[in-house]
Amino acid sequence: MIRILSVAVPVRVLTLVVTETAILFGCYFFAAWLDPDIPDMATFVEFDAGLQRIAIVVLTILLAMYLRNLYSLVRTPGRAALAQELLIVLGAAFMGQGLVHYLSADLPIPRKVMLFGSPMALVAISSWRLFFDAAARDAGAAQRILFIGLSPAAIETAAWLRSRPEVGIRPVGYLSNQRLIEKEEEAAQSGLLRLGNFSDLDAVLEAQQPGSLVIADRSEILSTSTEAFLELDFGGVRVEDATALYERIFGRVNVSRSLLPRLIFSDAFEPDFTTSRLQSLYSPVIGAILLVALSPFMFLLSAWLRLTSSGPSLVADWRLGLDGVPFRRWRFGTDGATGEASIRHLGLDALPQLWNVVRGDMSLVGPAPDRAEYATELARTIPFYSQRYRVKPGLTGWEQVHRYQRPPSDVLRRLEYDLYYIKNLAPSLDSVVLMLALKTRLL
């Protein structure tokens, strides 16, 4: 997996994006070469902005494929379903060309190029997806990892990797000197089998040929094994901690009780000062621009709510902000309003919080703001919960976008997402969160 904009992206997904970009460019350039109205390709590219015009079509298709979740997993849902999805994507591309033509008559690609290139793109992308899906499921081509020791995080990671062969990482088993029957049965259910004791490491390495060793339990490692691990690292066998792999895969921090002693003395959850200051500068500026741009719509929505709801159109409640300081959070009151569910689903009720962003009470991106009584109780029972207040709460956040995609199972799981965000706070991660929030709200 490769880290891009503070988010781990499977190598195979990145490969799919790059190759399909090349395929789409090839299809439309070939269609331009076939077009009798384009006698010279060099002239088309150099003087008619052919490259830029085709690039607009390709980017529109890639964006539509992203919005249709065709890059969420590499798996092909089936030939008919794939063809249907690609037809929807190409339909969006045709609509996009109409919008581009409305903005400028010189930007759309020639009509024949669009008509010839789109069917070619449909066939080429469908064929490539089917081939890539078969290749992605090839277990022999996957990176093999061996766990040293066993932990809940290792079991969860192995189960997730087994269910997603397209990620390209295959757990081969684990070594452990401890025999805990209950934990071994749980590991076996996730497809993670015990291959022996730590003393069997050399034999297992020779038999399984893993590309990585993942340390799940440091107590399993002998103090005399440091040089052996260094030699493995220099020899091309990567050695990493299970918590680091867990974070890359799930996008959250593991705060299981076995890790608490080590995390207590860690400053990993202290946000970078420079990055925090930078966020406090760009969030109010962007918030002010959005507030001005959306003010006519917000006025109309407020008037509509006033006419259709039983309560006030604008309400406020007290929430905890940076360092636990309370502030009044504003939102539209939707109790009993017509279209109440749709307004909340699209997040329109949160638009008045742009004023909180401009005031500096909130950021565009951050943990969800808590009520004081709720936060006090959770901070008393859950370690590190108060670390959420090391950054400003946000209109949306890393945990919130995952909540819409797959609801976290409990408060601890939501905290893990928030701690990951604090640990990796950066403008690039904020950009990813805003993009995902827009996608989940719209779809």
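Some notes on this structure:
- Considering only beta bridges that DSSP places wholly inside the chain, some 35 percent are antiparallel.
- Kyte-Doolittle at least 0.5, axis length at least 27 Å by Cα - qualifying DSSP helices, the chain: 11-34, 79-103, 111-136, 273-308
- Placing dummy labels 7 Å off each Cα toward the beta-carbon, the span from LYS112 to ASP317 is 6.3 nm.
- Positive minus negative residues near ASP37 (Lys, Arg vs Asp, Glu; Cβ under 13 Å): -1
- Rounded to the nearest 20 debye, dipole of segment 2-136 from Cβ charges on Lys, Arg, Asp, Glu: 620
- Taking LEU175, LEU442 and counting other C-beta atoms within 10 Å, the order from fewest to most: LEU442, LEU175
- Computed label-point distance, nm, for sites LYS183 and PHE131 using a 7 Å Cα→Cβ extension: 4.6
- Residue with peak Gaussian network fluctuation, the chain [Cα springs, cutoff 10 Å], from GLU247, GLU377, GLU20: GLU377
- Among 55-67, 7-19, the order from most to least packed when residues are scored by Cβ within 10 Å on average: 55-67, 7-19
- Taking a Cβ cut-off of under 12 Å around LEU436, the surrounding Lys, Arg, Asp and Glu residues balance to a net charge of +1, with basic ones at +1 and acidic ones at -1.
- For HIS345 and SER431, the FRET efficiency from 1/(1 + (r/R0)^6), where r spans their Cβ atoms and R0 equals 22 Å, is about 0.40.
- Read-out volume of the Cα convex hull per residue in Å³, derived from the coordinates shown; its label in [x] 173; [y] 181; [z] 198: [z]
- 18 Å Cα-Cα reach of LYS183 towards aspartates and glutamates, excluding residues that sit fewer than 8 places from it in its own chain: GLU156, ASP217, GLU220
- Take each peptide in 344-356, 383-395, count the other Cβ atoms within 10 Å of every residue, and average; sorted highest first, the result is 383-395, 344-356.
- FRET efficiency estimate (nearest 0.05) - Cβ-Cβ, ARG162 to SER219, R0 41 angstrom: 0.95
- Residues considered: ILE155, ILE221, ILE38. Largest GNM mean-square fluctuation over the chain, using C-alpha springs under 10 Å, is found at ILE38.
- Residues LEU245, LEU180, LEU146, sorted so that the one with the fewest Cβ neighbours within 10 Å comes first: LEU180, LEU146, LEU245
- When the chain is treated as a Gaussian network with alpha carbon springs shorter than 10 Å, the biggest mean-square fluctuation among TYR417, TYR102, TYR28 belongs to TYR102.
Values quoted throughout were computed directly from the atomic coordinates according to the rules given, and no laboratory measurement underlies them. Given the structure is predicted, the values throughout are model-derived calculations rather than measurements. Neighbour counts are summed over all protein chains in view; Cβ atoms, including those assigned to glycine, are modelled from backbone coordinates with ideal geometry.
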